[in-house]
Amino acid sequence: MEYELIRSTRRTIGLSLNRDGRLTVRAPRQLSEAAIGKIIERHRRWIVRKRQELANAAEWQSPFRPEPGCRLPLLDERFEVRLSGTAAAAYRDNVFLVPFSRHGRLAEELVRFYRQKAADYLPERTAMLAERHRVGYARVRISNARRRWGSCSSNGNINLSWRLMLCPARIVDHIILHELAHRTEMNHSVRFRQLIARYDPDYAAAQHWLKQYGPAVGDWLTSTESPSGHAENYHENTGDLKR
């Protein structure tokens, strides 16, 4: 496994991964490369797992700049954006075709596309999950919210942001189930949390995803600023290591 080695007077060994997944090892001057290699091998699974997490973060946190050739998420799928000679925008075989004349309005065309997909998918999915859990509601409305993925009114209307179509399907289900749970508990009490845990056993993982990636996804098609990155680190005391 390739890595950059930085030696110093430190007494511990540190493994760190930058945003691109490159491994850097910081080690005491006297520690042999053989010992360093053994430590890296011992933590190979950690390195592989963190590289995958960083790759996932890059995929969801990268700023979206609408341009021909970009690949965008649609639930659990990806589609490519292409310019074409079509008279109007069209979606065929995981390709979104945009007329050359609309090149300067690409973001606008994409918003229209996602809104339509949301209008087709979200009400139907809500109905299916509501039937599964025997929950009643009035109707589903598609919103333009950037930060509030969903809401439920006291009269049973459920609002869902079209930006949910940028998220994995399991996250969409989590948001819908969250709002359906509000049909019984219009609060976030212990009883509500118990209810959502019954509806969605993986709700904690979904909430973690939303906390980590939700803000960036909410800014897609509205911002081109790049969010700050972070590195993953591991440190180990070398006091009992043999050189």
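The values are calculated or read from the model by the stated rules, or taken from the named source; none is laboratory data. All of these numbers come straight from a predicted model, not from anything done at the bench. For neighbour counting, all protein chains shown are included, and Cβ atoms are generated from backbone atoms with ideal geometry for every residue, glycine included. Each accessible area value is taken on the protein alone, full model and side chains, heavy atoms only, with ligands, DNA and RNA left out. Shrake-Rupley method; radii C 1.70, N 1.55, O 1.52, S 1.80 Å.
Residues in region 103-110: is at least one in a loop (DSSP other than H, G, I, E, B) and more than 25 Å from the chain's Cα centre (by Cα)? Working first, answer last.
Here is the first cut: in region 103-110, the residues in a loop (DSSP other than H, G, I, E, B) are none.
No, because not a single residue in region 103-110 is in a loop (DSSP other than H, G, I, E, B) and more than 25 Å from the chain's Cα centre (by Cα).
Select from region 37-70 the residues that are open to solvent by less than 50 Å² (accessible area, probe 1.4 Å) and modelled with pLDDT of 85 or more and list them in ascending order.
Gly37, Ile39, Ile40, His43, Trp46, Ile47
Output the number of residues of region 114-128 satisfying the condition of being out of contact with any strand residue (DSSP E or B) (no Cβ under 6 Å at 6 or more places or on another chain) and not basic (Lys, Arg). Outline the logic, then answer.
Here is the first cut: in region 114-128, the residues out of contact with any strand residue (DSSP E or B) (no Cβ under 6 Å at 6 or more places or on another chain) are 114-117, 120-121, 124-125, 127-128.
From what's left, not basic (Lys, Arg): 114, 116, 120-121, 124, 127-128.
So the count comes out to 7.
Among the listed residues Arg183, Arg139, which satisfies the condition of being more than 27 Å from Pro73 (Cα to Cα) and modelled with pLDDT under 95? Before the answer, list the steps.
On the way: Arg139 fails: more than 27 Å from Pro73 (Cα to Cα).
Answer to the selection: Arg183.
Taking region 189-214 only, how many residues are within 16 Å of Gly150 (Cβ to Cβ) and touching a helix residue (DSSP H, G or I) at 6+ places or on another chain (Cβ under 9 Å)?
In the first step, residues of region 189-214 are kept if they are within 16 Å of Gly150 (Cβ to Cβ); the result is 192, 195-196, 199-200, 203, 206-207, 209-211, 214.
Narrowing the set further to residues that are touching a helix residue (DSSP H, G or I) at 6+ places or on another chain (Cβ under 9 Å) leaves 192, 195-196, 199-200, 203, 206-207, 209-210, 214.
Residues meeting the conditions: 11.
List the residue pairs whose Cβ atoms are under 6 Å apart, where the first residue sits in region 71-92 and is more than 19 Å from Cys167 (Cα to Cα) and open to solvent by less than 30 Å² (accessible area, probe 1.4 Å), the second is of a type outside the set (D, E, K, R) and assigned to a strand (DSSP E or B), and the two are 6 or more positions apart or on different chains.
Short answer, once both residue conditions are applied: Ser84/Leu97; Ala90/Leu97.
Can you pull out every residue in region 4-26 that is in contact (Cβ under 8 Å) with a residue 60 or more places away in the chain, out of contact with any helix residue (DSSP H, G or I) (no Cβ under 9 Å at 6 or more places or on another chain) and surrounded by fewer than 18 Cβ atoms within 10 Å (Cβ to Cβ)?
Arg11, Thr12, Gly14
Scan region 202-222 and tell me whether some residue there is modelled with pLDDT of 85 or more and assigned to a loop (DSSP other than H, G, I, E, B).
For region 202-222, residues modelled with pLDDT of 85 or more and assigned to a loop (DSSP other than H, G, I, E, B): present.
Find all pairs meeting these conditions: Cβ atoms under 6 angstrom apart; at least six residues apart or on different chains; first residue within region 96-108 and open to solvent by 30 Å² or more (accessible area, probe 1.4 Å); second residue modelled with pLDDT under 85 and not in a strand (DSSP E or B).
Ala107/Pro66; Ala107/Leu221
Mind checking which residues of region 143-156 are open to solvent by less than 40 Å² (accessible area, probe 1.4 Å) and of a type outside the set (Ser, Thr, Tyr)?
Ala145, Trp149, Gly150, Cys152, Gly156 - these are the residues of region 143-156 that are open to solvent by less than 40 Å² (accessible area, probe 1.4 Å) and of a type outside the set (Ser, Thr, Tyr).
Does at least one position in region 115-124 carry a residue that is of a type in the set (A, V, I, L, M, F, W, C), at pLDDT below 90 and surrounded by 13 or more Cβ atoms within 10 Å (Cβ to Cβ)? Let's see the steps before the verdict.
Taking region 115-124 as the starting set, the residues that turn out to be of a type in the set (A, V, I, L, M, F, W, C) are 118-119, 122.
When the remaining residues are screened for being at pLDDT below 90, the result is none.
No, there is no match, as no residue in region 115-124 is of a type in the set (A, V, I, L, M, F, W, C), at pLDDT below 90 and surrounded by 13 or more Cβ atoms within 10 Å (Cβ to Cβ).
Quick grid of which residues meet (1) closer than 20 Å to Gly214 by Cα; (2) hydroxyl-bearing (Ser, Thr, Tyr); (3) touching a Phe, Trp or Tyr at 6+ places or on another chain (Cβ under 7 Å):
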| site | (1), (2), (3) |
| --- | --- |
| His43 | no, no, yes |
| Leu72 | yes, no, yes |
| Val81 | no, no, yes |
| Arg102 | no, no, no |
| Ala118 | yes, no, yes |
| Arg147 | yes, no, no |
